[in-house]
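S.K.: Here's a structure for you.
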Amino acid sequence: MAETDQALPLSDQLAAMNLTDTVEKHAFSDRVLIRSIVGRPDGGAGLAGQRVRAGGWVKTGREQGKGTFAFLELNDGSCPASLQVIVDAGLAVLSKLVATGTCVVVDGILKVPPEGTRQKIELRVEKVVSVGEVDPAKYPIPKTKLTLEFLRDHLHLRARTNTIAAIARIRNALAFATHSFFQEHNFLYVHTPILTTSDCEGAGEMFQVTTLISESEKLEKELIKNPPPSEVDIEAARQVVSERGEAVKQLKAAKASKSEITASVAELNKAKENLSKLEERSKLKPGIPKKDGKIDYTQDFFARQAFLTVSGQLQVETYACAVSNVYTFGPTFRAEHSHTSRHLAEFWMVEPEITFADLQDDMNCAEAYVKYMCNWLLDRCLDDMLFMAKSYDKGCIDRLRMVASIPFVRISYTEAVELLEEAVRGGKKFENEVKWGIDLASEHERYLTEVKFQKPVIVYNYPKGIKAFYMRLNDDLKTVAAMDVLVPKVGELIGGSQREERYEVIRERILEVGLPLEPYEWYLDLRRYGTVKHCGFGLGFERMILFATGIENIRDVIPFPRYPGRADL
């Protein structure tokens, strides 16, 4: 690439590349991406005459000309648009190609279709390379319109639909944007553990990780197959030990040879080992091991209770308090028995931590991050966003543009409650009571963002009683330096706070909320040794996708949803 091209913005570079008259093969395949053909500004028309190999799955197919040829709409998942492929009957059995879901790889020449057709380019097939057939009578994802609820029963095939594929690309774009944003701002990406022994939120809604149950079941089966020794067996083994011991004494008294004594001692040791095994085995009892009437977790895999993490925040703070700005991005888990459209048992969180920073810095970072992601989708994923606007939420693109371009409103929790109380006095009815001290419900959050301000709102300084122990206590001793970013469509998108850096204060807060100190001693060490002012937040990644796309249920924006009663695949 010439130096002048390197100076161009990336979007301009791509546009310039796309208007050349050649199409590049995929780096690790012998095919070309369909996006590299139909995703060009000219719709692919400039590639007419090029010979390419394309592969994908048939969206729709139909035989034409009394069975002399077939039209296939081929999609490989690289973009929302499909490539129209024309196959003559002499090249393949057309009935094996046209069924929705069939995988086809073809060689052909790109041609401009007749005037008046929707396509800008089509592929005239010269050779059918391979076919992955489908029995249309059994294939569960036909070309008819399907509900998202129906697709949840076919997780292994639902990514073949236009909607789920578009969501996958949007999700990918937002993940890329996340890393780009934090890397551009000098954050270090840290992998925090999925297995943890501390409850970050203090809510207790955690999945426990244990081998005690499986080990207990294994032992129970083994004891049935090979019962433990009886007292008679143990007494017989003791008798053998006694006899072998007596034999050694007699040999020593008779001043027998060294080899004879050594052999006799070996037999004695073998008898003792056998007795020890029998005695140990006799203690085995079916069921989960207990001590003093409680489960004995010292017998568990980690020799203590362990859980799936609800947040990587506490662990990532250890790196923040050593290498400054960091972030973690990974799966988190809640054992909350909730069936709402906003909750999952397994979901992904983006959690940055900023050192030498306070609540204002935290809000600034959160706002900048959300705007960055909105702009990223508008710049890099517009074709998928246009599909979502057409199919699900006609206002989703305008919403992204609005959020990306205007300052967020910032109000205190007390001001937010006053606005909600004012709305109630004006006749607004909420299902959840409005009063100072409540945790704002989704309906309250959406009223503030969608009705009152019609833009994103950051609410800060929440009552300490409804927030986690690690949030910094304000001077009024009633509120903590917490903040939530509320957006239209979903309500709370981000929750964050300035962390409590004062040792004595956070120690008292842990005790105040009823948590034991021992599991958090390491966390207190961060305040004992070189404490630093710091803050951070967590963004629910799936909620960001809900906000961006307008999809109603969170189960449809994660590849493999886990919720009460369902953990398919």
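The values are calculated or read from the model by the stated rules, or taken from the named source; none is laboratory data. All values derive from a computational prediction rather than experimental measurement. Positions of Cβ are generated from backbone atoms using ideal geometry, with glycine treated the same way; all protein chains shown enter the neighbour counts. SASA here: full protein model, heavy atoms, side chains in, ligands and nucleic acids out. Shrake-Rupley method; radii C 1.70, N 1.55, O 1.52, S 1.80 Å.
S.K.: Scan Glu260, Glu243 and give me the residue that is part of a helix (DSSP H, G or I) and farther than 30 Å from Pro227 by Cβ.
M.R.: Glu260
S.K.: If you go through the stretch 389-412 one residue at a time, do you hit one that is basic (Lys, Arg) and under 30 Å from Glu501 (Cβ atoms)?
M.R.: yes
S.K.: What's the number of the condition Phe207 fails, among (1) open to solvent by less than 60 Å² (accessible area, probe 1.4 Å); (2) closer than 21 Å to Arg566 by Cα; (3) in contact with a strand residue (DSSP E or B) (Cβ under 7 Å, 6 or more places away or on another chain)?
M.R.: The failed condition is (1).
S.K.: Taking the options Leu493, Leu569, Leu524, name whichever one is modelled with pLDDT under 95 and not β-branched (Val, Ile, Thr).
M.R.: Just one listed residue meets the conditions, Leu569.
S.K.: Residues to consider are Leu275, Leu268, Leu219; find the one that is outside the structural domain of Leu195 (by the TED database), in contact with a Pro (Cβ under 9 Å, 6 or more places away or on another chain), part of a helix (DSSP H, G or I) and open to solvent by less than 60 Å² (accessible area, probe 1.4 Å).
M.R.: Step by step, each of Leu275, Leu268, Leu219 is checked, and only Leu219 is outside the structural domain of Leu195 (by the TED database), in contact with a Pro (Cβ under 9 Å, 6 or more places away or on another chain), part of a helix (DSSP H, G or I) and open to solvent by less than 60 Å² (accessible area, probe 1.4 Å).
S.K.: Any idea how many residues of the stretch 343-369 are of a type in the set (Asp, Glu), surrounded by fewer than 21 Cβ atoms within 10 Å (Cβ to Cβ) and more than 13 Å from the chain's Cα centre (by Cα)?
M.R.: Selection size over the stretch 343-369: 3.
S.K.: Just the residues that are touching a Lys or Arg at 6+ places or on another chain (Cβ under 9 Å) and either assigned to a helix (DSSP H, G or I) or not small (Gly, Ala, Ser) (or both), please, taken from the stretch 550-560.
M.R.: Result: Asn553, Ile554, Arg555, Asp556, Val557, Ile558, Pro559.
S.K.: Would you be able to say whether some residue in the stretch 51-61 is modelled with pLDDT under 95, among the aliphatic types (A, V, I, L, M) and either surrounded by 13 or more Cβ atoms within 10 Å (Cβ to Cβ) or in contact with a Cys (Cβ under 6 Å, 6 or more places away or on another chain) (or both)?
M.R.: No - not one qualifying residue is present in the stretch 51-61.
S.K.: Exactly one of these conditions fails for Gly65: (1) open to solvent by 30 Å² or more (accessible area, probe 1.4 Å); (2) on the phi < 0 side of the Ramachandran plot. Give me its number.
M.R.: Only one criterion in (1) open to solvent by 30 Å² or more (accessible area, probe 1.4 Å); (2) on the phi < 0 side of the Ramachandran plot is unmet by Gly65, namely (2).
S.K.: Return the pairs, sorted by first residue and then second, in which the second residue is open to solvent by 100 Å² or more (accessible area, probe 1.4 Å), the first residue lies in the stretch 279-293 and is part of a strand (DSSP E or B), the beta carbons are less than 9 Å apart, and the residues are 6+ apart or on different chains.
M.R.: Partner pairs satisfying both residue conditions: Lys291/Gln299.
S.K.: I would also like to ask the following. Is one or more of the residues making up the stretch 222-229 open to solvent by 80 Å² or more (accessible area, probe 1.4 Å), modelled with pLDDT under 95, farther than 30 Å from Thr549 by Cβ and of a type in the set (D, E, K, R)?
M.R.: Within the stretch 222-229, one or more residues are open to solvent by 80 Å² or more (accessible area, probe 1.4 Å), modelled with pLDDT under 95, farther than 30 Å from Thr549 by Cβ and of a type in the set (D, E, K, R).
S.K.: Follow-up question, since we're still on this one. Yes or no: the stretch 380-395 includes at least one residue that is on the phi < 0 side of the Ramachandran plot, part of a helix (DSSP H, G or I), open to solvent by 20 Å² or more (accessible area, probe 1.4 Å) and touching a Leu at 6+ places or on another chain (Cβ under 8 Å).
M.R.: For the stretch 380-395, residues on the phi < 0 side of the Ramachandran plot, part of a helix (DSSP H, G or I), open to solvent by 20 Å² or more (accessible area, probe 1.4 Å) and touching a Leu at 6+ places or on another chain (Cβ under 8 Å): absent.
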